[in-house]
Amino acid sequence: MDLSLPNVRGMTELDREKFSKEVNVPSVEIPSQNIGKSMHVFKKYLLKMEKLKPVVEVDGTVERKKMLLDPLLFETLEKLSEEQQTKLSELDVNNDNFSRTCLHLQYENFRIDDIFKAVLPEGKEGCTSYSRIGHIIHLNLRDHLLPYKNLIGQVLIDKLIGVKTVVNKSSAIDSTYRNFQMEVLAGETDFITEVKENLCTFKFDFSQVYWNSRLCTEHERIIKLLPQNCVLFDVFAGVGPFSVPAAKIRKCQVFANDLNPSSYHWLKENVRINKVAKVETFNLDGRQFIREQLSSFLLRKPTEPIHVTMNLPALAVEFLDVFIGLLAGIELDPLPDITVHVYSFCEESSAFSEMRTKVESSLKHSIEDGQIVELVDVRDVSPKKHMLRLSFRIPIQILSKSGPEVEEETSEPKRLKLDLESQDR
C-alpha cells in the first residue's frame, strides 16, 4: 500500500489537512455471525492503522460485515493454505466475497513513522530516538532536523497518549549540577513530572535534575546485587533511583547524597512519597560525603556488608582516591566488607581494559581478579563510546594506607568542565 504524501515533503509547520490520501485495499464481506470464527484465518492479514477499525459495517445491512486487509500481507484467496480455504468455505466465504475498498486516510490515521518519512528530508527521515519521562518527551535532535523541530514536537504530542510536553536538548553547557538547558518544542512548559520504576514513584523537576530512563535496567541490576539489610552509601544519588528502591525493596540502611540542591530536594521528597525508612539524605560534595559519613560509619565497626554506588560516569573514577587512607591508623575488627560500584565512559575498542586501568590508577593500587564482582557494559552512549560499571571489593590495604603521600594523593581534584554529551549517568 502506497502511503507516500509528496505534497508534504519539507513541511516545517504542521498542516494536518495536507495529510490526506485515498488508497484501495483488499476487503472481504463475511456473515456477521461468522466474524469471530473467520478471525482465526484473517487476523494476521488485517489492516492496522491508527484510529481505523479493520472490521466495519456494510451499508444497508446488519447481516454482513467487512474486513479490511493489508495489501502488503494479503494477495488473493488462492494464496491461503488449503486448510484456511476449507475453513472459510465452511463459513460461507468464497471468492465472491472479496473486493477492493477505497479508504480516505487523514492525518489521524497515519503513524508517527509514516508522517516523519513523508515530511523529513528524503534519505534522512529517521527522527532521533526519544526518551519518555512521565508526560515529557525528551529529544536530542540532530542538526539537519532542527528546521522541523516544532513539527516533530507537535506530532509526538498528537500521537503519544499522555504526552503534554516535548523538549529538545539545547547546546551543550558546563554544569556542576548535571542539569541542562532545554527548549520546549510543543505543549506545556511543565517540567514537574512523575516516573514509576522498580516499584517506586519518582517525582522531580526534569529541568533542574538528571534523569535517564534508559538506565532503568541498570538501576534494577544494582538493586538485585544488594544483599537484604545491607548498608548503601549512594554518593551521587540524584533523585534516588538507587537509594529509594534499595530501602524499599532490599530494606537497606541508606545514606544518600547529591550536590545539586534541586536533586537533594526531590531526593527527600521521593523518600517521603515512597514511605521508606532508614534513609538519611545529604547535600554535600561527594568527596566530603565519603570522608565524613562513610568514615564515621565505619568507626561503628559494622558487621553488615557495605555497598557504595558512584554513578557519575564523567567524573566518578576521580573520586576513588578519597578511599586511600580513609582508615589510616585505625584498626577495625571485623574488617569492613565494602563493595564499590563505580561508573565511567570508555572507548568501545578497549572499554573493559580501560575501565580497570582507570580505577587502579585512581586508587594507586591493583584490583585482583578475585576482588572484582563484575564489569558491565551498561549501555552505548555513542557508536564509539560506552558507559561501563566496575563493581569490586575494595582492598583493606587501600583504606589503611598511611604516610605523607596519602595527603597528596587524596587532595581535591581540579574542577572539570563537563560536556553535556558525556554526562549521561
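When the accessible area of segment 211-400 is split by element with a 1.4 Å probe, what percent falls to carbon and sulfur?
Working: 3730 of 7560 Å².
Ligands and nucleic acids excluded, carbon and sulfur reach 49 percent.
In terms of Cα to Cα distance under 23 Å, which lysines are near enough to K18, apart from those fewer than 8 places away along the same chain?
Result set, ordered by chain and number: K48, K51, K53, K117, K124, K149, K159.
Mind putting a number on the dipole of segment 211-400 about its Cα centre? Charges go on the C-beta only, +1 for Lys and Arg and -1 for Asp and Glu, and I need it in Debye to the nearest 20. Write out the running numbers ahead of the final one.
Values: 22 positive and 23 negative charges, 136 e Å.
So the dipole magnitude of segment 211-400 works out to roughly 660 debye.
Modelled label-to-label distance, T303 and D190, 7 Å Cα→beta-carbon offset: nm?
5.2
Once both labels are modelled 7 Å past Cα along the beta-carbon direction, what's the R379-S295 spacing in nm?
Here the modelled spin labels are 3.5 nm apart.
Using only helices, what value at 222 nm comes out for the chain when you add -39,500 (n - 2.57) per DSSP H run of length 4 or more and divide by the total residues, to the nearest 500 deg cm²/dmol? Don't skip to the answer; put the middle values down first.
Working: 12 runs with 97 residues, N = 425.
About -6000 deg cm²/dmol.
Quick one: net charge of L139's neighbours, Cβ under 12 Å, K/R +1, D/E -1?
On the way: positive: R132, R142, K149, K169; negative: E183.
Once all neighbours under 12 Å are counted, the net charge is +3.
Working only with C-alpha atoms, what are the Rg and Dmax values of segment 112-190, expressed in angstrom?
12.8, 41
Can you give the FRET efficiency for L284 and H144, using 1/(1 + (r/R0)^6), R0 = 45 Å, r = Cβ-Cβ distance, to the nearest 0.05? The partial results should precede the final answer.
Working: r = 43 Å, r/R0 = 0.96.
With R0 = 45 Å, the Cβ-Cβ based efficiency is 0.55.
Want the number for Q106 to S129: 0.36 nm per residue separation, take away the alpha-carbon distance, what's left? Walk me through the numbers before you get to the answer.
Values: separation 23, 0.36 × 23 = 8.28 nm, distance 2.49 nm.
Separation in residues times 0.36 nm, less the Cα-Cα distance, equals 5.8 nm.
By a straight-distance test (C-alpha under 27 Å), which lysines pair with K364 as possible cross-link partners, with residues fewer than eight away in the same chain excluded?
K301, K385, K401, K414, K417
Say R0 is 35 Å: what FRET efficiency, to the nearest 0.05, do I161 and V56 get from their beta-carbon distance?
Values: r = 24 Å, r/R0 = 0.67.
The calculated FRET efficiency here is 0.90.
Given (i) 48; (ii) 55; (iii) 61 as candidate values of percent of Cα pairs over 28 Å apart, which corresponds to the one derived from the coordinates?
The value computed from this structure is option (iii).
How far apart, in nm, are the 7 Å Cα→Cβ label points at K251 and R221?
Rounded to a tenth, the inter-label distance reads 2.7 nm.
Given Cβ point charges of +1 (Lys, Arg) and -1 (Asp, Glu) and nothing else, what value in debye, to the nearest 20, does the dipole of the chain about its Cα centre take?
Details: 55 positive and 63 negative charges, 167 e Å.
Rounded to the nearest 20 debye, it is 800 debye.
Could you state the accessible area per residue of segment 21-105 in Å², with a 1.4 Å probe and every protein chain left in place? Intermediate values should be presented prior to the final figure.
Details: 5280 Å² over 85 residues.
Heavy-atom SASA per residue in segment 21-105 reads 62 Å².
Ignoring ligands, DNA and RNA, what percent of the accessible area of segment 42-111 is carbon or sulfur (1.4 Å)?
On the way: 2150 of 4670 Å².
The value for segment 42-111 is 46 percent carbon and sulfur by accessible area.
What is the distance in Å between the Cα centres of segment 264-302 and segment 310-360?
19
The values are calculated or read from the model by the stated rules, or taken from the named source; none is laboratory data. Computed from a prediction, not measured in an experiment: that's the story for all the values here. Cβ: placed from backbone, ideal geometry, glycine included. Neighbour counts: every protein chain shown. Each accessible area value is taken on the protein alone, full model and side chains, heavy atoms only, with ligands, DNA and RNA left out. Shrake-Rupley method; radii C 1.70, N 1.55, O 1.52, S 1.80 Å.
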